[in-house]
Amino acid sequence: MLFGTRQTRGEDDRLIQGKGRYVDDIKLPGMLHVALVRSEAARAHVKVDVEAARSAPGVRAVFVATDLPASAKILPDCHPNPVLRNPRGPQVLADGVVRYVGEPIVAIVAESRYLAEDAAELVSVEYNLLPAVVDLERAMSDESRRVHEDLQSNLAARIPVSCGDTDKAFADAACIVRERLQIQRGAGQAMETRGIVAHWDPHAERMVVWNVSQVPFVHRTAIANALQLSENSVQVLNPDVGGGFGYKGLTYVEDLLIPVIARQLEVPIKWIEDRREHLIAAYHERTQLHDMEIATTADGVILGIRGKFLCDAGAYTPWGPVVPLLTAVNIPGPYKVPNYKVECDLVYTNTVPIAPVRGAGRPQACYVSERLLDAVARKLNIDGAELRRRNLIQAHEYPYDVGFISRDGTRRTYDSGNVPALLERALEMIEYDKHKARQKDYAAQGRHIGIGLACCVEDTGLGPFEEVGMTVELDGSVTVRMGTPSQGQGQRTAFAQIVADQLAVPFDKIKVLAGNTDNVRYSIGTFASRAGIVTGSAVLNASKQLRERALKIAGTLLQASPDDLTLEDGGVVRKDGGKLGRAMSLSDIVHTSLGESGAPLPLRDLGPGMSTVASFSPPTNTFATGCHAALVEVDPRTCKVSILKYVAVEDFGTMINPMIVDGQVIGGVGLGIGNAFLEKVVYDDSGQILTGTFMDYLVATTMDVPHVHIDYLATPSPLNPLGMKGAGQGGTIPVPAALSAAVEDALRDYGLRLRHVPFSESDIFAALQTARTGAAA
């Protein structure tokens, strides 16, 4: 039995030996290269002169907005939603007006990237500058500054979420705490930047595209529409991909632009994003400003939460209102919140558009709810762990109806869980009682040590479906074809484990193919912690169908009931261990079903070969939960934070391969630490990005991420046949909240309050100065 066991990833050997094939490794005869001229202004009317560039050495073509077909001028709305009042898709090439620094204006096509870059320097762009909209609150209050001049305001969407009666809850409350909390903008920053190769095949009359996408079928549809082709005339391929993290899970303007150029010129075209482009033009996330309040009884039992928050959309809405909607529905977390009312305004600004980045709105929600609870605990003088015990949904209360509609349009109902047990295990692993008891002793030694806790919920396994094709080959090996590409999740290993158990085939005889839109008819993609659940369940269904078919064929050939047979060691045997008279390997079954041995008449009724197509459609989301605990030490002289111990206790339901899940948790915690301390995109008042290099935009390294102590307590989901819950983002979601609480706890004697993330050593220093000034006053 391989399911549930720790198996080394089969795909890693090739990658660590340098044998991976990434999009920039693709080289085709006659291939030309694209460099983009991007806007240097955040908001301006522009006039472009490209004549000098057209005559530059090696330049084959220059494209401006007017050179594009009408079907390829604006990105389509990839995620329509009724609350999105004023959707605006990005311009493929800016047509007379630019709305953020980094927006593409001109595409230079040349014999090499070097020549294309040289020619780009010759493009003259005349900017008629307009006042930029950068600050969220000012964007809503200053009607004279509108990102889109055709709109009456900068409001893109207004999202209300509510249940119960919050007015009564707050009227009855013994304790009310109000907080203004800010989560600042960050970027995805995968190891591999974006890139595209597009080639028009005139013989097949087909566009072939290599991309780094998490959603190749979404790109296939967008490219087909832009080129006015049928979808079967477009093939999108994913080579190896060096990380996705959500922001590669939607369509960018270059995803249409490069195929359009390839179609018009009828030569292969390559565009590879450099790191500076990636920092200033790849989609960002996180920016939100919350004004929230919580009402409790005198014992700290939550009566209600209410408030408003602003979410920065950037200049366009390529993925609709998904991020703020996820925040709004996730603020209650794993706690009982009987009365809840939140309203979010999604606001246009002259900055890079936002998209889901690992966590996708949920880290913000967790940060808000946990910071509110920490404030209540402080005001009522209740231990933070005890306060959480009083408010967590109990194991016997699942399935738990939260009281409103979820992101997928269904009633938000937590399917299974036991967060109180996660909390107790985290407290045990972090040695909570011991360190709390010793805090005065630590202080006497001049050490400032604190503990922070955070619990979270993640809606995972988003539908509507995934499809899988599966074939037992003539040699008895198995080929699995699926649509969800991998960016490092270990899908080829995990799904092979499912197949190996069902068909009794050796692990090394299973080939899992992904990243090719010709593999299956349609797929949604790899994002939202969904592939393991949805694709994995489809793999299980296909495996069971082939297992049943193998037993039927073998039963016909051996004149035995399929109920008396089973699969073992790549062939069919009797369940009672009796001899069949002759061996029946899967290879023999395939050969015979194809008529090579003169199939008997009853077998012909079963049809040829051993192939099937299966799918899985989840009824709704399944909900992963987690509890993280951080033990930190802070030096109040330098404000340096040292993470002494970090604990993550997760409920991801049943796990296919815990070793792979360990990697997801560790990587998630690493990103969360970056979100808490380091990662911050900064714009000045004119909309110029000030963090355009890794000297200014800091990411967590091995020096920043401690050993992560991990444990799992599983409550299997009843919503899919594997009992799984998604594991891709749970490692990130609680980290900023847990670390904020830990640092506050370490500096509790100073009255430190942290109300924004990320926070640097300089921010802690400033907060300490504020706390000291307040104490003196």
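Being crowded, with 22+ Cβ neighbours inside 10 Å and either β-branched (Val, Ile, Thr) or part of a loop (DSSP other than H, G, I, E, B) (or both) is the filter here; which residues of region 323-338 pass it?
Selection gives Val323, Thr327, Val329, Ile331, Pro332, Gly333, Pro334, Val337.
Residue-wise test of (1) at positive phi; (2) among the acidic types (Asp, Glu); (3) crowded, with 24+ Cβ neighbours inside 10 Å.
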site: Thr701; (1), (2), (3): no, no, no
site: Pro716; (1), (2), (3): no, no, no
site: Val757; (1), (2), (3): no, no, yes
site: Glu761; (1), (2), (3): no, yes, no
site: Arg772; (1), (2), (3): no, no, no
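Quick one: Glu467 ticks every box in (1) in contact with a strand residue (DSSP E or B) (Cβ under 8 Å, 6 or more places away or on another chain); (2) in a helix (DSSP H, G or I); (3) of a type outside the set (Val, Ile, Thr) except a single one, so which number is it?
The number of the failed condition is (2).
Out of (1) surrounded by 14 or more Cβ atoms within 10 Å (Cβ to Cβ); (2) assigned by TED's automatic domain parsing to the domain that holds Arg220, the odd one out for Asp135 is which?
Exception for Asp135: condition (2).
Is it the case that region 354-365 has a residue that's open to solvent by 10 Å² or more (accessible area, probe 1.4 Å), assigned by TED's automatic domain parsing to the domain that holds Asp685, in a strand (DSSP E or B) and in contact (Cβ under 8 Å) with a residue 60 or more places away in the chain?
Within region 354-365, one or more residues are open to solvent by 10 Å² or more (accessible area, probe 1.4 Å), assigned by TED's automatic domain parsing to the domain that holds Asp685, in a strand (DSSP E or B) and in contact (Cβ under 8 Å) with a residue 60 or more places away in the chain.
Taking Arg412 as the residue in question, decide whether it is over 19 Å from the mean Cα position of the chain (by Cα) and surrounded by 23 or more Cβ atoms within 10 Å (Cβ to Cβ). Give the steps one after another, and end with the answer.
Values: over 19 Å from the mean Cα position of the chain (by Cα): yes; surrounded by 23 or more Cβ atoms within 10 Å (Cβ to Cβ): yes.
Yes.
Look at Glu424 and say whether it is under 25 Å from Met655 (Cα atoms) and either open to solvent by 20 Å² or more (accessible area, probe 1.4 Å) or touching a strand residue (DSSP E or B) at 6+ places or on another chain (Cβ under 9 Å) (or both). Show your work before the answer.
Details: under 25 Å from Met655 (Cα atoms): yes; either open to solvent by 20 Å² or more (accessible area, probe 1.4 Å) or touching a strand residue (DSSP E or B) at 6+ places or on another chain (Cβ under 9 Å) (or both): yes.
Judged against the criteria, Glu424 is a match.
Quickly run through region 722-755 and pick out the residues that are of a type outside the set (D, E, K, R), open to solvent by 10 Å² or more (accessible area, probe 1.4 Å) and farther than 20 Å from Pro363 by Cβ.
Leu722, Met724, Tyr750, Gly751
Would it be correct to say that Ala738 is at negative phi and at pLDDT 95 or above? Steps first, please.
On the way: at negative phi: yes; at pLDDT 95 or above: yes.
The answer is yes for Ala738.
Quick grid of which residues meet (1) within 25 Å of Gly751 (Cα to Cα); (2) open to solvent by 20 Å² or more (accessible area, probe 1.4 Å); (3) of a type in the set (Lys, Arg); (4) not in a strand (DSSP E or B):
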residue: Tyr367; (1), (2), (3), (4): yes, no, no, yes
residue: Arg390; (1), (2), (3), (4): no, yes, yes, yes
residue: Val402; (1), (2), (3), (4): no, no, no, no
residue: Ser416; (1), (2), (3), (4): no, no, no, yes
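Exactly one condition in (1) part of a strand (DSSP E or B); (2) surrounded by 24 or more Cβ atoms within 10 Å (Cβ to Cβ); (3) within 26 Å of the chain's Cα centre (by Cα) is not met by Ile294; state its number.
Condition not satisfied by Ile294: (3).
Restricting to region 651-690, name every residue that is touching a helix residue (DSSP H, G or I) at 6+ places or on another chain (Cβ under 7 Å), open to solvent by less than 30 Å² (accessible area, probe 1.4 Å) and not in a strand (DSSP E or B).
Quick first cut of region 651-690, residues touching a helix residue (DSSP H, G or I) at 6+ places or on another chain (Cβ under 7 Å) only: 651-652, 655-657, 660, 669, 672-673, 675-676, 689.
Add one more test, that the residue is open to solvent by less than 30 Å² (accessible area, probe 1.4 Å), and what stays is 651-652, 656-657, 660, 669, 672-673, 675-676, 689.
Those that are touching a helix residue (DSSP H, G or I) at 6+ places or on another chain (Cβ under 7 Å), open to solvent by less than 30 Å² (accessible area, probe 1.4 Å) and not in a strand (DSSP E or B): Phe652, Ile656, Asn657, Ile660, Val669, Gly672, Ile673, Asn675, Ala676.
For region 524-541, which residues satisfy the criterion of being touching a strand residue (DSSP E or B) at 6+ places or on another chain (Cβ under 6 Å) and either open to solvent by less than 10 Å² (accessible area, probe 1.4 Å) or without any contact (Cβ under 8 Å) to a residue 12 or more places away in the chain (or both)? If you could, list the steps in order and put the result at the bottom.
Narrowing region 524-541 to residues touching a strand residue (DSSP E or B) at 6+ places or on another chain (Cβ under 6 Å): 529, 532-535, 537-539, 541.
Those that are touching a strand residue (DSSP E or B) at 6+ places or on another chain (Cβ under 6 Å) and either open to solvent by less than 10 Å² (accessible area, probe 1.4 Å) or without any contact (Cβ under 8 Å) to a residue 12 or more places away in the chain (or both): Ile533, Val534, Thr535, Ser537, Ala538, Val539.
Identify, by number, the condition in (1) of a type outside the set (Asp, Glu); (2) free of Cβ contacts under 8 Å to residues at least 40 places away in the same chain; (3) touching a Phe, Trp or Tyr at 6+ places or on another chain (Cβ under 6 Å) that Arg378 doesn't meet.
With (1) of a type outside the set (Asp, Glu); (2) free of Cβ contacts under 8 Å to residues at least 40 places away in the same chain; (3) touching a Phe, Trp or Tyr at 6+ places or on another chain (Cβ under 6 Å) applied to Arg378, the lone miss is (3).
In this structure, is Leu503 over 23 Å from Pro239 (Cα atoms) and buried (at least 19 other Cβ atoms within 10 Å of the Cβ)? Don't jump to the end; show me each part of the working.
On the way: over 23 Å from Pro239 (Cα atoms): yes; buried (at least 19 other Cβ atoms within 10 Å of the Cβ): yes.
Yes, satisfied.
Would you check which residues across region 449-466 are surrounded by fewer than 24 Cβ atoms within 10 Å (Cβ to Cβ) and in contact with a helix residue (DSSP H, G or I) (Cβ under 8 Å, 6 or more places away or on another chain) and list them? First the steps, then the outcome.
Taking region 449-466 first, the residues surrounded by fewer than 24 Cβ atoms within 10 Å (Cβ to Cβ) are 449, 462-465.
Answer for region 449-466, where residues must be surrounded by fewer than 24 Cβ atoms within 10 Å (Cβ to Cβ) and in contact with a helix residue (DSSP H, G or I) (Cβ under 8 Å, 6 or more places away or on another chain): Ile449, Leu462, Gly463, Phe465.
Across region 121-132, which residue is nearest to Ala110 (Cα to Cα) among those that are open to solvent by 50 Å² or more (accessible area, probe 1.4 Å) and in contact with a strand residue (DSSP E or B) (Cβ under 8 Å, 6 or more places away or on another chain)?
The first filter runs over region 121-132 and keeps only residues open to solvent by 50 Å² or more (accessible area, probe 1.4 Å), leaving 121-122, 124, 126-129, 131.
Within this subset, residues satisfying the condition of being in contact with a strand residue (DSSP E or B) (Cβ under 8 Å, 6 or more places away or on another chain) are 124, 126-129.
On the way: Ser124: 18, Glu126: 23, Tyr127: 26, Asn128: 29, Leu129: 30 Å.
Residue satisfying both the conditions and the ranking: Ser124.
Could you check region 27-50 and list, in sequence order, the residues that are in contact with a Leu (Cβ under 9 Å, 6 or more places away or on another chain) and farther than 30 Å from Leu690 by Cβ?
Leu32
Looking at region 473-483, is at least one residue more than 30 Å from Gly570 (Cα to Cα), open to solvent by 20 Å² or more (accessible area, probe 1.4 Å) and touching a residue at least 24 places away in the same chain (Cβ under 8 Å)?
Filtering region 473-483 for residues more than 30 Å from Gly570 (Cα to Cα) gives none.
For region 473-483, residues more than 30 Å from Gly570 (Cα to Cα), open to solvent by 20 Å² or more (accessible area, probe 1.4 Å) and touching a residue at least 24 places away in the same chain (Cβ under 8 Å): absent.
Does Glu179 count as open to solvent by 10 Å² or more (accessible area, probe 1.4 Å), touching a helix residue (DSSP H, G or I) at 6+ places or on another chain (Cβ under 9 Å), touching a residue at least 60 places away in the same chain (Cβ under 8 Å) and part of a loop (DSSP other than H, G, I, E, B)? It would help to see each step written out before you state the result.
On the way: open to solvent by 10 Å² or more (accessible area, probe 1.4 Å): yes; touching a helix residue (DSSP H, G or I) at 6+ places or on another chain (Cβ under 9 Å): yes; touching a residue at least 60 places away in the same chain (Cβ under 8 Å): yes; part of a loop (DSSP other than H, G, I, E, B): no.
When the stated conditions are applied, Glu179 does not pass them.
The values are calculated or read from the model by the stated rules, or taken from the named source; none is laboratory data. Keep in mind it's a predicted model, so treat the numbers as computed, not measured. Neighbour counts run over all protein chains shown; Cβ positions are idealised from the backbone, glycine included. Only protein heavy atoms, including side chains, enter the accessible area calculation; ligands, DNA and RNA are left aside. Shrake-Rupley method; radii C 1.70, N 1.55, O 1.52, S 1.80 Å.
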